[in-house]
Structures are given as C-alpha cells and as structure tokens.
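Below is one structure, written out as structure tokens, with a few remarks after it.
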Amino acid sequence: MTFASRVLIAGVFLILAINLRAASEIVIAIRYLQAEGVSHSHLYLYREDGKFLRQLTADNSGQDVDPIFAPDGEEIVFTREKGTNPLEFWNVRPLGAAPTKLDSVPDWYEQTKTSPYFTNRESTKPDESSSPSATASAARTAAGIMGERKSYKAPDGSIELILREDPSDPDDQVNGERHGKHYVLRYLKTGIQADFGALPGFFGVYEILHDRQNPDRQFLFEGLLRVAFFGLHLNSTDGDTSFALDLNGPRFVRLSPNWAVPVPLPGESAFLTLTENRYVPIAGTQKTGNCSYIEHWDAQLQRVRYAKPKAAAIFCGASLYRPERMPNVITVRQNAD
C-alpha cells in the first residue's frame, strides 16, 4: 500500500469518526453492585438514543464520579475518589484511549453545576433547614393543596390545571394513593374539562413540581413534548413517586416505581430523569439494593435507560454533549446542587 493510499484511508476514518460524533452522546458514571468484594464506579459512553458505545475507564483503585464534557466536547473530565485521600481529577477522550491524571482541575469543571431540573422542594430559612415538617409544610403550601385551590395555566394558554380538594373525600385528606382525583384539566379554548381521576394512568397526585431555578415554571413544553410533573407519597417503605401528565393524551405516565427527577433538554422534545429504584435484586445474592439510574424520555414518553439490562447499580454522575444545541452540555452531578 502506498503512502498516499494510507493517508487517504486515514482521512476517510477521521471523517467517519467526526460524522459519528455529530450525534449527541452521554457519559455515565455508574457503579454496578456485585455479589462479593468492592464494586467500582466507571465511565460508560452511550449515544443519546441508548446505543452503548464504549467503556472509558476501568481503574479499580477508586471511584470515578461526576464526569462532565468540556464545552467543545473533545474531552471528559471526572473526579476519582480514593477513600480519605485527596480527590484526583482526570480526563479521557470520548473516542477512547487511556485516561490522563490532571495536575489541576479546570475552572469550567469546578464551575459546572447540575443543570436545571423539576422538584417539589422549597427553599427554607437556615434555621428551618433541619426541620422535615417545616419543609413539607412549605411544599404543601406552595403546591396549592391542604384545602387551598390553586390553578396553573400552560405557557401557550391552551390549558389550565386546577388543584382542588373535596373536604368530604378521605382520599383528599392525605398525601397518598387516589389523592388529587378531583384536580381538573381544563381546555381554555373549548371549556371542556376532566377530573384527573378520570384520566388514563391515574394513580394519585399530590404536588405539582416546578423548575428548581424558576419556581414559576410548572410545565415543560419543547416541540412535541407537552407535560407537567407531579409528586406523590407512597409509604415509608417505598418513599415517593412521580408522574408526567402528558397533555397530548391526556394521560398519566409513572416515571418510576419510586422517585424520579426530570431534567429538561432545551430545544429537544425530550427530557432526562434521575431515577430511583428501591430493592433491586443483586445478581448472585439474596440481597437487594436501593439503586439509581439516568433515563431518557421522548415526546411519546418512551423510555431508554443508560445501564446494563436488569442490573443493580448506583448512579454517580452524567453529562450529555449536544453539538448543535444550546446549552450544548447538560450535566447531572451525583449529588444535585
């Protein structure tokens, strides 16, 4: 083979690699729980549609967490935790190759926070931060429940959600199954309305979730995606759960058997969830684990999980690189900040 031929072939492979990377990619730090020994968190790269691309790290000297794409998408910086030792910072290329330890952490990495997400949490005063009852009370008040009627209009003026309770209905007196069946979905242009309890998929809803950075935002409208999110308490064993009210249906879709935190993808008819699953069987044992994952939901509320099928695992951070959208990096740290 001539030198010119080798150059031509190398150029073709480079073009193919660039074209393949034109699609959005997500890097996940996840720790798969194993029957014996210490399980370790490593980095795995997926295409946004769920296709697994490659494992990026495999070092078992510590836990690789909080990967974040650089703004140009050419590298991923992550933290390596080694017990009580000082944190180490490493980088790795999305196309593979050995990770490199950094002498100092890039400013952009330290400054990157978790992207906006939907929550039921309310800010509290410093002296109330340790009071669960104060936080719960604030959430109930803001959600417009506990006897107070509240309404929320969609940003396009098409519908209104009316959160009301029936004081004579025992289900409406507690945060649990069947609560919220008297909430109303009203179409403003036609006047047609329906109680939540009559909608497909209804199990119960309590508070409406809001954007953490913008408490006045209760709806996620992006292209074909038109949803509002609700939370509900299950019990002391299963904790809470969350639902998407699909306004295109209308219908309710449960996002997880337990809790799920929706993370918008601006400019896309889709969103991510940081999803909690409790009591997941650990292969090779009689034990279970409380697990967490990152999942992707499209406009039809079809779900893709970025993890091995049926695996017990713990989420340790994720970052999505979107080369043709703004912001081009969406980040979810292992501890939402």
- [ ] Need at least 2 residues that are closer than 17 Å to Gly204 by Cβ per element, so show me which strands (runs of 3 or more DSSP E) inside region 233-282 make the cut, counting only ones lying wholly within it.
- [x] 239-246, 251-254
TODO: State whether one or more residues within region 230-247 are under 17 Å from Leu163 (Cα atoms) and loosely packed, with under 14 Cβ neighbours inside 10 Å.
DONE: no
- [ ] May I ask you to list the residues in region 164-219 that are small (Gly, Ala, Ser) and part of a loop (DSSP other than H, G, I, E, B)?
- [x] Ser168, Gly176, Gly180, Gly191, Gly201, Gly204
- [ ] Take region 308-327 and flag every residue that is over 16 Å from the mean Cα position of the chain (by Cα) and either of a type in the set (Gly, Ala, Ser) or not assigned by TED's automatic domain parsing to the domain that holds Arg47 (or both).
- [x] Ala311, Ala312
TODO: Could you please tell me which pairs satisfy a Cβ distance under 6 Å, a separation of 6+ or placement on different chains, a first residue in region 46-67 that is without any contact (Cβ under 8 Å) to a residue 12 or more places away in the chain, and a second residue that is surrounded by 14 or more Cβ atoms within 10 Å (Cβ to Cβ)?
DONE: Phe52/Tyr46
TODO: Out of Ser242, Ser236, report the one residue that is free of Cβ contacts under 8 Å to residues at least 60 places away in the same chain, in the same structural domain as Ala154 (by TED's automatic domain parsing) and within 15 Å of the chain's Cα centre (by Cα).
DONE: Ser242
TODO: Tell me which residues, restricted to region 297-321, are part of a loop (DSSP other than H, G, I, E, B) and out of contact with any Gly (no Cβ under 8 Å at 6 or more places or on another chain).
DONE: Gln300, Leu301, Gln302, Ala307, Lys308, Pro309, Lys310, Ala311
Open item on the list: Can you list residue pairs whose Cβ atoms sit under 8 Å apart, with the first residue in region 185-213 being free of Cβ contacts under 8 Å to residues at least 60 places away in the same chain and the second being of a type in the set (Asp, Glu) and in a helix (DSSP H, G or I)? Count only pairs 6 or more apart in sequence or on different chains.
Closed with: Gly204/Asp171
Task: Any chance Asn335 is assigned to a strand (DSSP E or B), surrounded by fewer than 19 Cβ atoms within 10 Å (Cβ to Cβ) and either not acidic (Asp, Glu) or not assigned by TED's automatic domain parsing to the domain that holds Phe52 (or both) - done: no
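The values are calculated or read from the model by the stated rules, or taken from the named source; none is laboratory data. None of the values given here were measured: they were computed from a predicted structure. All Cβ positions, even for glycine, are placed from backbone atoms using ideal geometry, and neighbour counts span all protein chains on display.
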